[in-house]
1. Taking region B:72-86 on its own, how many of its residues are within 28 Å of A:Gly97 (Cβ to Cβ) and out of contact with any Phe, Trp or Tyr (no Cβ under 9 Å at 6 or more places or on another chain)?
2. What are the residues in region A:20-44 that are more than 11 Å from chain B (Cβ to nearest Cβ), over 20 Å from A:His10 (Cα atoms) and either touching a residue at least 40 places away in the same chain (Cβ under 8 Å) or in contact with a Lys or Arg (Cβ under 9 Å, 6 or more places away or on another chain) (or both), if any?
3. Please verify whether region B:67-82 includes one or more residues that are more than 11 Å from the chain's Cα centre (by Cα), touching a residue at least 40 places away in the same chain (Cβ under 8 Å), surrounded by fewer than 21 Cβ atoms within 10 Å (Cβ to Cβ) and not in a loop (DSSP other than H, G, I, E, B).
4. Of everything in region B:11-39 that's exposed (fewer than 15 other Cβ atoms within 10 Å of the Cβ) and over 20 Å from B:Ile99 (Cα atoms), which residue is nearest to the chain's Cα centre (by Cα)?
5. Under the condition of being of a type outside the set (D, E, K, R) and part of a loop (DSSP other than H, G, I, E, B), which residue from region A:45-64 is nearest to A:Arg14 (Cα to Cα)?
6. Wholly within region A:65-115, which strands (runs of 3 or more DSSP E) include no fewer than the required count, namely at least 3 residues that are more than 8 Å from chain B (Cβ to nearest Cβ) and crowded, with 19+ Cβ neighbours inside 10 Å?
7. (1) of a type outside the set (Ser, Thr, Tyr); (2) assigned to a strand (DSSP E or B); (3) at positive phi: which one isn't true of B:Ile4, the others all being true?
8. Name the residues in region B:83-110 that are in contact with a helix residue (DSSP H, G or I) (Cβ under 7 Å, 6 or more places away or on another chain), assigned to a strand (DSSP E or B), modelled with pLDDT under 95 and not β-branched (Val, Ile, Thr), would you?
Amino acid sequence: NAGVMQNPRHLVRRRGQEARLRCSPMKGHSHVYWYRQLPEEGLKFMVYLQKENIIDESGMPKERFSAEFPKEGPSILRIQQVVRGDSAAYFCASSSGTLAVDNEQFFGPGTRLTVL
Amino acid sequence: SQKIEQNSEALNIQEGKTATLTCNYTNYSPAYLQWYRQDPGRGPVFLLLIRENEKEKRKERLKVTFDTTLKQSLFHITASQPADSATYLCARTGGDKIIFGKGTRLHILP
């Protein structure tokens, strides 16, 4: 059973370009979470999705950022018109059920985004 | 505001000793707390979960305590080894999401 997969592992973009980060959850998991980790900072929650639905996007910047988890295929975190401040490690996690009932979440290896 | 704090940014411990990491929370009562390990360049790995009605949980050389009076969780690694060197993250429930502390970088000195 493969773990959470993220690709690409490293992504370099110039200011103003778009970044697309992909996450395939563990088999059988329908709950996906995206986190951002800035250098020397903790993991910050961004968005929580279930298949085809955004459940909680309270940590997502209001502009330029969007996320989806379609019925088929991976979850996508999309950052439009990237700026240098978007440079960070972006982690995806998945769980089989809601975290409010202490289900474990499993993290992917992360995508390291560098904006030049 | 509801906070979760790990007091030490970094901790150096001699090999073989017990490492103790602290996690404090304020202004709320989490249903459970979690501890994760994160190595450089990798995603966090879940270690232990402790519920508010549990005082202690153990897994091999790891022990976690949960003191609801002090609003604190302690994470212990006994007989520490250089391979235990990593960043350890404390996390609490926040509805349907997990809120993380900034982490403590643990260095086990040979």
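The values are calculated or read from the model by the stated rules, or taken from the named source; none is laboratory data. Values in this document were obtained by computation on a predicted structure and should not be read as measured data. Using ideal geometry, Cβ is built from the backbone for each residue, glycine included, and neighbour counts are taken over all protein chains shown.
1. Total meeting the criteria: 1.
2. A:Met26, A:Gly28, A:His29, A:Ser30, A:Val32 - these are the residues of region A:20-44 that are more than 11 Å from chain B (Cβ to nearest Cβ), over 20 Å from A:His10 (Cα atoms) and either touching a residue at least 40 places away in the same chain (Cβ under 8 Å) or in contact with a Lys or Arg (Cβ under 9 Å, 6 or more places away or on another chain) (or both).
3. Within region B:67-82 (the criterion being more than 11 Å from the chain's Cα centre (by Cα), touching a residue at least 40 places away in the same chain (Cβ under 8 Å), surrounded by fewer than 21 Cβ atoms within 10 Å (Cβ to Cβ) and not in a loop (DSSP other than H, G, I, E, B)), the answer is yes, since at least one residue qualifies.
4. Per the stated criteria, the residue is B:Thr18.
5. Residue satisfying both the conditions and the ranking: A:Pro61.
6. A:75-79, A:88-95, A:111-115
7. Only one criterion in (1) of a type outside the set (Ser, Thr, Tyr); (2) assigned to a strand (DSSP E or B); (3) at positive phi is unmet by B:Ile4, namely (3).
8. B:Lys97
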